[in-house]
Amino acid sequence: MGANVIYEGFIEPACCGKKTCAGKAEERQFILYYSGYVKVYIDGKEVVPERWRTAWNPNTYKFTAKVRKGVKNHLRIEWRPDGGEAYCGLRVSEPRSKKEREQLSIWSEMAKDMDYYFIAGKNFDEVISGYRTLTGKAALYPKWVLGFWQSRERYQTSGEIEGTLAEFRKRHIPIDNIVQDWNYWPEDQWGSHQFEASRYPNPQAMLDSVHAMHGRFMISVWPKFYCNTDNYKELDAKGWMYVQSPTDDIHDWVGPGYKNGFYDAYDAGARKMFWRQMDENLYSKYNKKGVAGVDAWWMDASEPNVRDCTPMWYRKALSGPTALGTSTEYFNAYSTVNADAIYNGQRSVYKGQMNEPRVFLLTRSGFAGEQRFSTATWSGDIGTRWEDMRAQMTAGLNYSMSGIPFWGMDQGGFCVENRYVAAQQIFNHAGVETEDLKEWRELQTRWNQFGTFIPLCRSCITTNCATV
């Protein structure tokens, strides 16, 4: 932290030896890995303007730049680590012609067959209709999903949940849903699906209060279990836990760190048990005589993310083998089978009764067909800069054209720069409005304006920027 690192060197693309080749500029593709602040220059030209990402959630950035063949091109990287573990690396791809870059290339690391589907249509609606013929129709979401949601990195007490919703009502700001994110359980009981008693002394009263204020309540449930929980032991007894993580003695980042594993959502029996544990501890427990309790589900880490910042070969080792086969073959579909567990689980409680509430869940990772399980996706733990907001525009358009109708993001970003927090602290103590604070307010305003035009409108206020 506080370091300034400058790397200077040269890159020299190969030349065929002809006079017409030496010094000729060609476009090359680069990928930058980084946390902290970074800029990249080639021959004095800034090819990557300053970018930033928090250390615990490093980023990659792809860009193209022209370099001269057979000549030493000066490379300069300016890097300022910003706390925690530091990451900085730059790779360049082998040269490809414009025609090669624009060609479609499909490959599979491991598959029994490679099937291709061509969906024709007179217009885009017909193409999407064809996609859903293959993967399933989108379920009808509850109407309130189209309203405004409020979330943050997490609310830490029932008082924060009720107080925040009451403040919205007091200020006459329409709000439909409030989200209880992770860590509402006792510290060493991740996966218990139980509220920590000192912070949530009466969960039923909290839920009743939310609904009395005409709000909806969404809660986070991970496919992750600490090894000491009863739910882990029950799933593990049936062989329905991925055991590589506890076998390798991997501990997470909470408190002293706890051993944990993810359940195998590819097994139908595991899915039923997973839902039953949710039902007994959350859904039916707080949903009495048809009165709403938990309205919707926030399914986090559904990649599955057994461990952060892990090479793909090890991610697959931690996430299998699955009931269907190796994780190399089935890894990407985890979020969809996990959504199956919740959607069909909740519907089984009512068994088609007339008062059956519509299911809704939000998942951090997506895969083909998830729309039939009344599931939407958000774009994960994004940064909090202008370039991050701009990236959401492209991502959202592409996602919405993939045949899954609902998509959302952390409006305002999730990972917050320390300069914004410091700017607010200066204002709180001295009443001085710095340029960083002005920029933060402008960014949040524009981001939430953009958010009103996407399918899911959800404001995200994180722990880091709670006072911003």
With unit charges on the beta carbon (Lys/Arg positive, Asp/Glu negative), name the residue among T229, N202, G215 whose Cα is farthest towards the positive pole of the charge dipole of region 187-248.
G215
For region 189-194, in residue order, the Karplus 3J(HN,Hα) values (coefficients 6.51, -1.76, 1.60; θ = phi - 60°; whole Hz; Gly and Pro = x) are 10, 4, x, 7, 6, 10
How much accessible surface area, in Å² rounded to 10, belongs to the heavy atoms of F124 with a 1.4 Å probe?
100
Ranking by accessible area, most exposed first, for R385, R169 with a 1.4 Å probe:
R169, R385
Using a 1.4 Å probe on the protein heavy atoms, what percent of the accessible area of the chain belongs to carbon and sulfur?
53
Inter-label distance for T157 and A139, nm, one decimal - labels placed 7 Å from Cα along Cα-to-Cβ:
3.5
For T363, list long-range residues whose amide hydrogen, built 1.01 Å from N in the peptide plane, is under 5 Å from its own amide hydrogen.
M299, A376, T377, W378
Given the DSSP H assignment, sum -39500 (n - 2.57) over each helix run of at least 4 residues in the chain and divide by its residue total; what's the result at 222 nm in deg cm²/dmol, nearest 500?
-8500 deg cm²/dmol
Whole-Hz Karplus ³J(HN,Hα) for region 411-421, in order, using 6.51 cos²θ - 1.76 cosθ + 1.60 and θ = phi - 60°, x for Gly and Pro?
5, x, x, 10, 8, 9, 5, 4, 5, 6, 5
About the Cα centre, charge dipole magnitude for region 1-157 (Lys/Arg +1, Asp/Glu -1 at Cβ), debye
440
Given the whole protein assembly as supplied and a 1.4 Å probe, what does the accessible area of H214 come to in Å², nearest 10?
140
Full-extension gain in nm, K18 to E109, via 0.36 nm per residue minus C-alpha separation
28.9 nm
From most to least accessible, 1.4 Å probe, no ligand or DNA/RNA atoms counted, W240, W107 line up as W107, W240
Taking amide H positions as placed in the peptide plane 1.01 Å from N, state which residues far from R216 in sequence (5 or more) or on other chains have amide H under 5 Å from it.
N177, I178
Please list D43, D340 in order of solvent-accessible area, largest first, computed with a 1.4 Å probe with all protein chains present.
D43, D340
Hey, what angle do you get for helix 334-350 against the long axis of the chain, alpha-carbon based, 0 to 90 degrees rounded to 10?
20
Each residue of region 47-61 in order: what ³J(HN,Hα) in whole Hz does its phi give by Karplus 6.51 cos²θ - 1.76 cosθ + 1.60, θ = phi - 60°, with x for Gly and Pro?
9, 10, x, 3, 10, 9, 7, 5, 5, 6, 9, x, 10, 10, 9
Just report the Cα centroid separation between region 309-351 and region 189-228, whole Å.
24
When all protein chains stay in place, what accessible area (Å², nearest 10, 1.4 Å probe) is found for R271?
40
Using a probe radius of 1.4 Å on heavy atoms only, what accessible surface per residue do you get for region 171-278? Whole Å² is fine.
40
Averaged per residue, what accessible surface does region 1-107 expose to a 1.4 Å probe, in Å²?
66
Just to be sure I understand: of the beta bridges DSSP finds with both ends in the chain, what percent are antiparallel, rounded to 5?
60
Would you mind calculating the relative contact order of the chain from Cα pairs under 8 angstrom and at least 6 residues apart, reporting the percent as a whole number?
13
In whole angstrom, note down how far apart the Cα centers of region 1-52 and region 146-179 are.
46
Would you mind checking which residues have amide H under 5 Å from A86's amide H? H placed 1.01 Å from N; only 5 or more apart, or other chain.
none
What is the helix-to-structure angle for 268-278, meaning the angle in degrees between its Cα long axis and the longest Cα principal axis of the chain, kept from 0 to 90 and rounded to the nearest 10?
70
Where only protein heavy atoms count, and the probe is 1.4 Å, what is the accessible area per residue for region 124-165 in Å²?
50
Return the whole-Å distance between the Cα centroid of region 363-404 and the Cα centroid of region 63-77.
34
Please determine, in degrees from 0 to 90 and to the nearest 10, the orientation of helix 386-400 with respect to the longest principal axis defined by the Cα atoms of the chain, where the helix direction is its Cα long axis.
70
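The values are calculated or read from the model by the stated rules, or taken from the named source; none is laboratory data. Just so it is clear, the structure is predicted and the values come from calculations on it, not from any experiment. Note that each Cβ is placed from the backbone with ideal geometry, even for glycine, and that neighbours are counted across all protein chains shown. Accessible surface is based on the protein model in full, side chains and every heavy atom, while ligands, DNA and RNA are left aside. Shrake-Rupley method; radii C 1.70, N 1.55, O 1.52, S 1.80 Å.
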